[in-house]
Amino acid sequence: MNLRGLISVGWAEAKVGLLQEMQFRVVGFLQLLGFLIEPIVLLIVWRTVSLQSGSIGNYSSDEIVAYYVVWTLVRAMNLALTPYVWEWWIQFGRVSHMLMHPTSVYWRSTMNFVGMKFLWFTMWLPIGATLFLVFHPNIVFTWRTFVFGFFALWGAYFVRASYQFLLGLIGFWTTRVAALFEVVIMSEILLSGRLVPMSVMPEWVQSISDFLPFKWTFQFPIEVIIGRLAPSDVFIGWIFQAGWIVVLATSIGLVWKRAVRRYTAVGS
């Protein structure tokens, strides 16, 4: 399929994703609230600690509040198809009809989630406004914040969607991928800035995180939006995000060819 066809299919999938999510918007809003419990709890805990100690890592008390308030936006924007869904699709033969479509499942599923995010962002706005009113984060919004943050957020989504998709393909070799996924999520929590900013971690841990995809899906977009990164650092971050997207998409293409050969529609 040529580029024009891919864009057309991607646009159609995004519209389908948005319309599907709008059908169950109340459920979606409650699910979003559930996903945001983690960063809100972390916000309260680390704000309390920073007020007592004066700072955490190289973050002041005001900056740590801004970090976790923006964390909630990043959380809403980098949600993606999980390996749990793949586990279910494979076991119950739901992959069969996907193989009939001429366009990549990876492209269609990631674009389907892109459509959902327009509604999730809309639903996040009142939650974010409430957090701003309650915690008063020190964030100065400029045109650069919006432009740089926009691209960093979408880059974060595509990186996270890609490595979760790749993990999901393991379901073609084993009917249970949950245990491995939990290990990856634990690594993500520790090495992405999801639990605490990486500056709190030992230097050797920070060095490792620079060369893994996790940091570019959480800490990087957060720091871009709260204005902690210089333009040159933002540019370097985009290069890492683009590099990971290319590496992961290429890996998905290679693994997918072998995975579908093993597909036997267990349970269908």
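A compact table of results
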{"quantity": "Per residue accessible area of segment 114-268, 1.4 Å probe, in Å²", "calculated": "49 Å²"}
{"quantity": "Angle in degrees between helix 178-191 and the longest Cα principal axis of the chain, rounded to the nearest 10", "calculated": "30 degrees"}
{"quantity": "Leu3 accessible area, assembled protein chains, probe 1.4 Å, Å²", "calculated": "120 Å²"}
{"quantity": "Net length gained if the chain between Trp143 and Lys15 were fully extended (0.36 nm per residue, minus Cα distance)", "calculated": "43.3 nm"}
{"quantity": "For Leu51, solvent-accessible area (1.4 Å; no DNA, RNA or ligand), Å²", "calculated": "110 Å²"}
{"quantity": "Helix-derived mean residue ellipticity, 222 nm - over the chain, DSSP H n ≥ 4, -39500 (n - 2.57), to 500", "calculated": "-24500 deg cm²/dmol"}
{"quantity": "Residue-wise HN-Hα coupling along segment 48-56, computed from phi with Karplus coefficients 6.51, -1.76, 1.60 (Hz; x: Gly, Pro)", "calculated": "4, 5, 5, 5, 7, 9, x, 6, 10"}
{"quantity": "With every protein chain in place, the chain: carbon and sulfur % of accessible area (1.4 Å)", "calculated": "70 percent"}
{"quantity": "Estimated FRET transfer efficiency (Arg94, Phe211; beta-carbon r; R0 45 Å; 0.05)", "calculated": "0.80"}
{"quantity": "Given charges at beta-carbon only (K, R positive; D, E negative), |dipole| of the chain in Debye", "calculated": "900 debye"}
{"quantity": "Segment 2-46 - convex hull of the alpha-carbon atoms, volume per residue in Å³", "calculated": "80 Å³"}
{"quantity": "Relative counts (whole %) of C-alpha pair distances in segment 16-94, using bins that are 5 Å wide", "calculated": "3, 13, 16, 16, 15, 12, 9, 7, 5, 3, 1"}
{"quantity": "Longest segment of the chain lacking chymotrypsin sites (Phe, Trp or Tyr not before Pro) that sit in a DSSP loop with at most 12 other Cβ atoms within 10 Å", "calculated": "25-140"}
{"quantity": "Segment Arg25-Ala178, length gained on full extension (0.36 nm per residue, minus Cα span)", "calculated": "52.3 nm"}
{"quantity": "Dipole axis of the chain (+1 Lys, Arg; -1 Asp, Glu on Cβ), positive-most option in Thr110, Met98, Phe218", "calculated": "Met98"}
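The values are calculated or read from the model by the stated rules, or taken from the named source; none is laboratory data. Just so we're clear, the structure is a prediction, and the values are computed from it rather than from any experiment. Because the Cβ atoms are built from the backbone with ideal geometry, glycine has one as well, and the counts that use them run over all protein chains shown. Ligands, DNA and RNA are stripped out before the accessible areas are found, and what is left, the full protein with its side chains, is counted by its heavy atoms. Shrake-Rupley method; radii C 1.70, N 1.55, O 1.52, S 1.80 Å.
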